[in-house]
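Trainee: Starting off with a structure, shown below.
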C-alpha cells in the first residue's frame with residue numbers, strides 16, 4: 001500500500017497539487033502495532049517506499065513518537081512535520097475497517113476557493129454528484145500548520161468518533177490545503193481530486209454566490 005501511496009504523491013506533484021517537498025500521507029493497518037508516514041524534506045516526485053518512517057502505535061511516556069527501524073534508506077530521515085495531524089487521525093481504527101489512509105495535499109483550486117471564502121461543504125447544493133461520492137466537512141479555519149491544534153480541529157470537523165468511525169471523507173484547511181481519509185490510497189486521492197475539479201469549475205465560472 002505504501003508503494004501505491006508513493007506513486008500517488010508523484011502523480012499529485014505532476015498535477016500541481018503539491019510542490020516538490022509538500023504533502024504527506026500515512027497508512028495504518030488494524031492488524032499491525034505500527035503505522036507508516038512519509039518522511040520530511042523528501043521530494044515527493046522521487047518518494048520511494050523504503051524512505052517511509054515506521055511508527056509504533058505505542059508512544060513514549062512523554063508523548064513523543066516511538067520510531068521503529070525500517071530500512072537503511074529511512075534511517076537518517078525524520079517523520080513528516082505534519083506528524084501531529086496524522087497521529088491524531090490515525091489513533092483508532094473502527095471495527096470492521098482493516099486499514100486507513102490519511103492524505104494531506106495542497107490542491108491549487110481548492111486552496112484558492114478557501115482563500116476566497118467559499119464554503120466547500122455547500123458545493124454539493126450546486127454539484128450533487130460531489131455529495132454522492134465524497135462527503136465534505138465544514139472547513140477548518142486558518143490554524144498553524146504542523147501543530148497539535150490542527151490535528152484536533154481536523155479530527156473534530158471530520159467528526160471522528162471515539163471508536164474511530166468518521167462522518168466525512170475530506171476537510172479543507174484555510175490557507176493550507178485539504179486532508180482526506182479513506183480505506184485505500186486511490187480512494188483518498190479521488191476525494192481530493194473530485195473536490196479540486198468542482199472548485200476549479202466554480203472559480204473559472206466567476207460566479208460569486210456560492
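Only the coordinates and a few stated rules stand behind these numbers; no lab work does. In this text, all values refer to a predicted model and were calculated from it rather than measured experimentally. So basically every Cβ, Gly included, is an ideal-geometry build from the backbone, and we count neighbours across all protein chains shown.
Trainee: Using packing as a proxy for protection, rank 62-75, 136-149 so that the peptide with the highest average count of other Cβ atoms within 10 Å comes first. Display every interim value, and only then the final one.
Mentor: Values: 62-75: 12.6, 136-149: 15.8.
Listed from highest to lowest mean packing, they are 136-149, 62-75.
Trainee: If one computes the Cα centroid of the range 113-171 and of the range 24-94, what distance in Å separates the two points?
Mentor: 23 Å
Trainee: Using only Cα atoms and rounding to the nearest 10 degrees, what angle (0 to 90) does helix 148-158 make with the longest principal axis of the chain?
Mentor: Here the helix axis deviates by roughly 50 degrees.
Trainee: For the chain, how big is the tail of P(r) above 31 Å, as a whole percent of Cα pairs?
Mentor: Numbers: 3320 of 21945 pairs.
In whole percent, the long-distance tail amounts to 15.
Trainee: Rounded to a whole number of µm²/s, how large is the Stokes-Einstein D of the range 1-99 at 25 °C and 0.890 mPa s, given Rh as the Kirkwood radius over C-alpha pairs? Don't skip to the answer; put the middle values down first.
Mentor: Working: Rh = 13.9 Å.
Answer from the Stokes-Einstein relation: 177 µm²/s.
Trainee: Then there is this: Against the longest principal axis of the chain, how steep is helix 185-205, in degrees 0 to 90 to the nearest 10, with axes from Cα atoms?
Mentor: Helix 185-205 and the main axis of the chain meet at about 30 degrees.
Trainee: Mean residue ellipticity at 222 nm from the helices of the chain, using -39,500 (n - 2.57) per DSSP H segment of n ≥ 4 over the full residue count, to the nearest 500 deg cm²/dmol? If you can, show how the numbers build up before the last one.
Mentor: Numbers: 6 runs with 67 residues, N = 210.
Using -39500 (n - 2.57) per qualifying helix, the result is -9500 deg cm²/dmol.
Trainee: Indicate, rounded to the nearest 5 percent, the antiparallel portion of the DSSP beta bridges found entirely in the chain. Could you put the intermediate results ahead of the total?
Mentor: Numbers: 27 of 29 bridges.
Taking every DSSP beta bridge with both residues in the chain, the antiparallel ones total about 95 percent.
Trainee: Mind checking the full-extension length gain between residue 4 and residue 56? Use 0.36 nm per residue of separation minus the Cα-Cα distance, one decimal, nm.
Mentor: On the way: separation 52, 0.36 × 52 = 18.72 nm, distance 2.13 nm.
Here the segment from residue 4 to residue 56 would lengthen by 16.6 nm.
Trainee: Mean separation of Cα pairs under 8 Å and 6+ residues apart, divided by the residue count of the chain: what relative contact order is that in percent? List each step's numbers first, then the result.
Mentor: On the way: 408 pairs, mean separation 45.6, N = 210.
RCO, the chain: 22 percent.
Trainee: Please list 180-189, 161-170, 30-39 highest first by mean number of surrounding beta-carbon atoms within 10 Å per residue.
Mentor: 180-189, 30-39, 161-170
Trainee: Expressed in nm to one decimal, what extension gain is obtained for the pair residue 125 and residue 16 from 0.36 nm per residue of sequence separation less their Cα-Cα distance?
Mentor: Values: separation 109, 0.36 × 109 = 39.24 nm, distance 2.72 nm.
My answer for the length gained is 36.5 nm.
Trainee: How far is helix 2-14 tilted off the main Cα axis of the chain, in degrees rounded to 10, range 0 to 90?
Mentor: 40 degrees
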